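The values are calculated or read from the model by the stated rules, or taken from the named source; none is laboratory data. As the structure is a prediction and not an experimental result, all values here were calculated from the model. Backbone-built Cβ (ideal geometry, glycine too); neighbour counts: all protein chains shown.
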Amino acid sequence: MAIAFTKYHGLGNDFVLIDNRHHPEPCLTPAQAIEWCDRHFGIGADGVIFALPGQDGTDYTMRIFNCDGSEPEMCGNGIRCLARFIADLEAAETGAARAAYQIHTLAGVITPKLEADGQITVDMGLPRLIAAEIPTTLAAPHEKVIDLPLEAAGQTWQVTCVSMGNPHCITFVDEVAAIPLEAIGAQFEHHPAFPKRINTEFIQVVQRDYLKMRVWERGAGITLACGTGACASLVAAVLTGKSDRRATVELPGGTLLIEWSETDQRLYMTGPATKVFEGER
């Protein structure tokens, strides 16, 4: 039986979206998601996202399988795409869509808001900084990992670790374009200091309100953008005194506006989500 899908991307981080609102479990297995994501023999995507019924009073539930079949806790670009997908579904069914949604994820409840200019602002919640919450063994379980040394890919890197519901390792470099990400990304992801693997961001501070970023995503490899990574990177930049609490983050696929609110300490991400095409498979 053919399954309808719609493809969206957030700054080139692309996903296959499936309307799964009438069943509590994803309609594809992780192995099938791998086939769907294959860029030569499938549709081609960084992951498959399922819109499922809400839980615990939320509007909807988000589940995502990466292109390697693994399941991350959350995805920042993905949840913007999901919000746009749901709004498009509701508009087609009722002629109107809500301006905001509460989405249940494995990282907690996330709230995306559709702006009048087409952008989507997502309340990404509170960053988690304790080593046990990341998780990592780079520090004692109750301590923070801020500007600590990590031996990887034949050299020592100064890293800061942040969880946005999923784990991130951030290091600051003089020139992100010079980083051989293809060669070293997997060595960070599978480093023994990260028992659940890790997303890795390399950041160049252009000025205090403008950062350049390249990312190796756990389970997906090099991608054009990572929303949770952009949030984690701003937190790391603030903690190490390198940036203000509100900054533009430039990724290979475009820019995100990230703010770490001084008032409520929550992260807010604003960026686009674009429909590419729809079909059946």
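Okay, here's what the table says:
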| read-out | value |
| --- | --- |
| Check on Arg214, touching a residue at least 40 places away in the same chain (Cβ under 8 Å) and among the charged types (D, E, K, R) | no |
| Index of the failed condition, Glu250 passing every other in (1) in a strand (DSSP E or B); (2) crowded, with 23+ Cβ neighbours inside 10 Å | (2) |
| Residue match in the stretch 43-51 (condition: assigned to a loop (DSSP other than H, G, I, E, B) and more than 20 Å from the chain's Cα centre (by Cα)) | yes |
| Test result for Asp14, surrounded by fewer than 19 Cβ atoms within 10 Å (Cβ to Cβ) and of a type outside the set (Phe, Trp, Tyr) | no |
| Qualifying residues in the stretch 119-174 (those that are in a strand (DSSP E or B) and among the small types (Gly, Ala, Ser)) - the one farthest from the chain's Cα centre (by Cα) | Ala152 |
| Residue match in the stretch 200-209 (condition: assigned to a strand (DSSP E or B) and closer than 17 Å to Met269 by Cβ) | yes |
| Tabulated pairs, the stretch 229-242, first modelled with pLDDT of 95 or more and in a helix (DSSP H, G or I), second surrounded by fewer than 19 Cβ atoms within 10 Å (Cβ to Cβ) and not polar (S, T, N, Q), C-beta under 7 angstrom, 6+ apart or interchain | Ala237/Val205; Val238/Arg245; Leu239/Ile146 |
| Restricting the stretch 23-32 to residues that are more than 15 Å from Phe85 (Cβ to Cβ) and of a type outside the set (A, V, I, L, M, F, W, C), the residue that is surrounded by the most Cβ atoms within 10 Å (Cβ to Cβ) | Gln32 |
| Check on Phe194, touching a Cys at 6+ places or on another chain (Cβ under 8 Å) and either over 20 Å from Asp147 (Cα atoms) or not small (Gly, Ala, Ser) (or both) | yes |
| Residue that is farthest from Ile203 (Cα to Cα), among those in the stretch 164-179 that are surrounded by fewer than 24 Cβ atoms within 10 Å (Cβ to Cβ) and in contact (Cβ under 8 Å) with a residue 60 or more places away in the chain | Gly165 |
| The stretch 1-27 residues that are more than 18 Å from Gly219 (Cα to Cα), paired with ones that are modelled with pLDDT under 95 and of a type outside the set (A, V, I, L, M, F, W, C) (beta carbon under 8 Å, 6 or more apart) | none |
| Enumeration of residues in the stretch 231-247 that are surrounded by fewer than 20 Cβ atoms within 10 Å (Cβ to Cβ) and of a type outside the set (A, V, I, L, M) | Thr240, Gly241, Lys242, Asp244, Arg245, Arg246 |
| Single residue of the stretch 213-230 satisfying the filter (touching a strand residue (DSSP E or B) at 6+ places or on another chain (Cβ under 8 Å) and of a type in the set (Gly, Ala, Ser)) that is surrounded by the fewest Cβ atoms within 10 Å (Cβ to Cβ) | Gly219 |
